[in-house]
Protein chains: 2
Amino acid sequence: MSSPKYAVLAIGNAIVDVIAETDDDFIKAESLNKGGMTLIDAERAKTLYSRMGPGREISGGSAANTLAGLANLDHKCAFIGQVADDQLGEVFAHDIRATGIDFAVPARAADVPTARCLILVTPDAQRTMNTFLGASQFLPASTIDPQQIADAAILYVEGYMWDPQEPRAAIRQALPLARAAGRKTAFTLSDAFVIDRYRDDFLSLMAEGAIDILFANEVEIASLAQTDDFEAAVAMAAAQVPLLVVTRGEHGAIAVRGGERVEVPAEPVEHLVDTTGAGDLFAAGVLAGLCEGRDLKQCLTMGAVCAAEVISHYGARPEADLRALISARLG
Amino acid sequence: MSSPKYAVLAIGNAIVDVIAETDDDFIKAESLNKGGMTLIDAERAKTLYSRMGPGREISGGSAANTLAGLANLDHKCAFIGQVADDQLGEVFAHDIRATGIDFAVPARAADVPTARCLILVTPDAQRTMNTFLGASQFLPASTIDPQQIADAAILYVEGYMWDPQEPRAAIRQALPLARAAGRKTAFTLSDAFVIDRYRDDFLSLMAEGAIDILFANEVEIASLAQTDDFEAAVAMAAAQVPLLVVTRGEHGAIAVRGGERVEVPAEPVEHLVDTTGAGDLFAAGVLAGLCEGRDLKQCLTMGAVCAAEVISHYGARPEADLRALISARLG
């Protein structure tokens, strides 16, 4: 097997974030699902946008954010996602390419616009996401190229992609291709509500051995295992995947690989601003560590350092030199 | 004369900023005019964008930024500028309205897109602006409503608007309307290169008594007076306008009103990030102070506080509560 061209190839939603500060009264008045991700349609997106404060537009998308972290750490990556032929699509495509990530999927006609996520950030730095999937939900399976999948050490897919039918079909096609090429597959559970809708699918994928590395946070793992007993949930999921990584916000993270279990605390953050992208960047650090052949504890620490950077500013993509931060931390 | 509905009505370019970090090598390689504003065409905008790093999109435009500062300080304002019927136009219109500013000019057909300013920020926090004026240069004189002008205590116009023909005609129509309604007019010189192109026009406006308040920085005032002798330049300009305000970056600012001359130092900034909008927010603080009937020294201090806030983060619109900062400073 040849040395892979890419560290990670990701399939994810191609989203531009629209980030605005707000207060808890607004979250309540608009009946928003605080801290979660809610899918909204075009009409609701228009109404909510008209009511929210001035925004800043920064490229986002869970898996794309993870790749931005990996690219910041000098790992070559590629992205598969669907934008429309409009200005937000140009912004997304420009930003991901300017980050050094290969992105070859052509823009779709702009009858349905590029996806956007209206993100309301409260003073506690919690982010409440309202996603209009737009063009992103029409990612066709034809964008899956067996050669590109074989060219990546790890295929990474986001659970968010399971909602729309076409991307789900694309992922169902991609996962076995990665395994057939002798590559690893990684999956992030993304959101407790997504799991609620597709628990059986996700459990089947795990049972079939389609997932080598599973990322989740503690709410998601509880939803997957349908238990509030954290240890029971971890045990259940760890039995189904070779490597399980669970983030616990300010309580750090754990990983279980066979009989090995590792735990790290969260890294200190001087000014907590916006938690958007914390999980995405944690995954970036872990995947980078795995690609570099680091031990599990170092991988988790790298994840924690990357997450700490991204929550210290608005926007879900890193602004600092992550390698320098990791070197300062790991020596 | 009735009490005005608006503190300030501004005529300016309706621009979305695309802000990316860069280094001096890039500035040199692209032959950019470091620290200045350069007008670029659609093709150059496309090329430069393709070469610059990932951006963040934040509404901008000099006079619009000034209004955002005034609105943050609870002064009711209105804006006249031209966007196109496209996604960046929606972003601009949303942001200015969400800030509480009245903006009624309908979007123009999207054959020419909304203006954008590609802003490269170097590690010294200097910003280098490359503006594609797009729809903004087609602001028709028909958007000038005599009633709206009479409704504002101050009509504020940016020198940048002098480049394209239609906005220039709009401003030429607006200035005498404000004076006829007994309102004040304020003008910002915007940029030394703009002054180079239209020095005679600007000097004529001043000589005719069309400008009550003139804003400039030290480079602009030198360009206007065609002398590097700062005091000579100030004396020349001050003789032509009732109130002259000149900002000097880290050296503070001065104002001259008849025989009165006031000077303030720059306010301290903990982390200097991006100087975009410094002059715009200085003007906001000064105009707010004037509307509140403050003395000239307090007006300048308010300007300095507002400028210090906006250069401590990316983006040319305030993120903090300016009134709280001013209260802390002035007591």
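Each reported figure results from applying straightforward, stated rules to the coordinates on display, with no laboratory input. This one's a predicted model, so the numbers in the text were calculated from it and none came from an experiment. Glycine also receives a Cβ, built like all others from the backbone with ideal geometry; neighbour counts cover every protein chain displayed.
Cα centroids of the range B:3-43 and the range A:282-308: 39 Å apart.
Between A:Asp321 and A:His251, full extension at 0.36 nm per residue minus the direct alpha carbon distance yields a gain of 22.8 nm. Comparing B:Pro106, B:Pro167, B:Pro318 in a Gaussian network model of chain B, where Cα atoms under 10 Å apart are tied by springs, the biggest mean-square fluctuation is seen for B:Pro106. With a cut-off of 12 Å between beta carbons, the residues surrounding B:Glu218 carry a summed charge of -4, where Lys and Arg count +1 and Asp and Glu -1. Let me make sure I get this right: for the range A:1-123, a, b and c are the square roots of the gyration tensor eigenvalues over alpha carbons, sorted descending. Under 1.5 in a/c it's rounded, otherwise prolate if a/b > b/c, else oblate. Which is it? Taking the square roots of the gyration eigenvalues as a ≥ b ≥ c, the range A:1-123 is prolate. Highest mobility in the GNM of chain B, judged by mean-square fluctuation with C-alpha springs under 10 Å and restricted to B:Thr47, B:Thr188, B:Thr131, is found for B:Thr47.
Here is how the number arises for chain B: DSSP H runs of 4 or more residues each give -39500 (n - 2.57), the sum is divided by the residue count, and the result at 222 nm is -12000 deg cm²/dmol. Residues with beta-carbon under 12 Å from that of A:Arg168, excluding A:Arg168: net charge, scoring Lys, Arg +1 and Asp, Glu -1? Its environment carries a net charge of -2. Amide H contacts under 5 Å for A:Leu133: A:Ile40, restricted to partners 5 or more places along the chain or on a different chain, H placed in the peptide plane at 1.01 Å from N. Computed over chain A with a Gaussian network model linking Cα atoms closer than 10 Å, the most mobile of A:Asn65, A:Asn13, A:Asn33 is A:Asn33. Taking 25 °C and 0.890 mPa s as the conditions, I'd like the Stokes-Einstein D for the range A:6-330 in µm²/s, using the Kirkwood hydrodynamic radius from alpha carbon pairs. Taking Rh from Cα pairs, D becomes 127 µm²/s.
For B:Asp23, the label point sits 7 Å beyond Cα toward Cβ; its separations from the matching points on the remaining copies run 4.5 nm, from shortest to longest.
Taking a ≥ b ≥ c as the square roots of the eigenvalues of the alpha-carbon gyration tensor, the protein assembly as shown is classed prolate because a/c is 1.5 or more and a/b outweighs b/c.
Applied to the range B:117-134, the Karplus parametrisation 6.51 cos²θ - 1.76 cosθ + 1.60 on θ = phi - 60° returns per-residue 3J(HN,Hα) values of 10, 7, 10, 9, 10, 8, x, 7, 6, 6, 10, 10, 9, 10, 9, 9, 6, x Hz, with x for Gly and Pro.
For the range B:261-267, the Karplus equation 6.51 cos²θ - 1.76 cosθ + 1.60, evaluated at θ = phi - 60°, returns couplings of 10, 10, 9, 10, x, 5, 7 Hz by residue, with Gly and Pro reported as x. Quick check: from the Cα gyration tensor, does the range B:41-195 come out rounded (a/c under 1.5), prolate or oblate? Prolate, since a/c reaches 1.5 and a/b exceeds b/c. Comparing Cα centroids, the range A:176-207 and the range A:70-129 end up 22 angstrom apart.
Arranged from fewest to most other beta-carbon atoms within 10 Å of their beta carbon, A:Leu287, B:Leu39 become B:Leu39, A:Leu287.
Summing charges over neighbours of B:Gln126, with a neighbour being any other residue whose Cβ is under 11 Å away from its Cβ, gives -1 when K and R count +1 and D and E count -1. Going by neighbour counts of Cβ atoms within 10 Å, the residues B:Phe138, B:Phe103, B:Phe132, A:Phe79 line up, fewest first, as B:Phe138, B:Phe103, B:Phe132, A:Phe79. Of the residues B:Val157, A:Val256, the one with the fewest other Cβ atoms within 10 Å heads the list, and the complete ranking is A:Val256, B:Val157.
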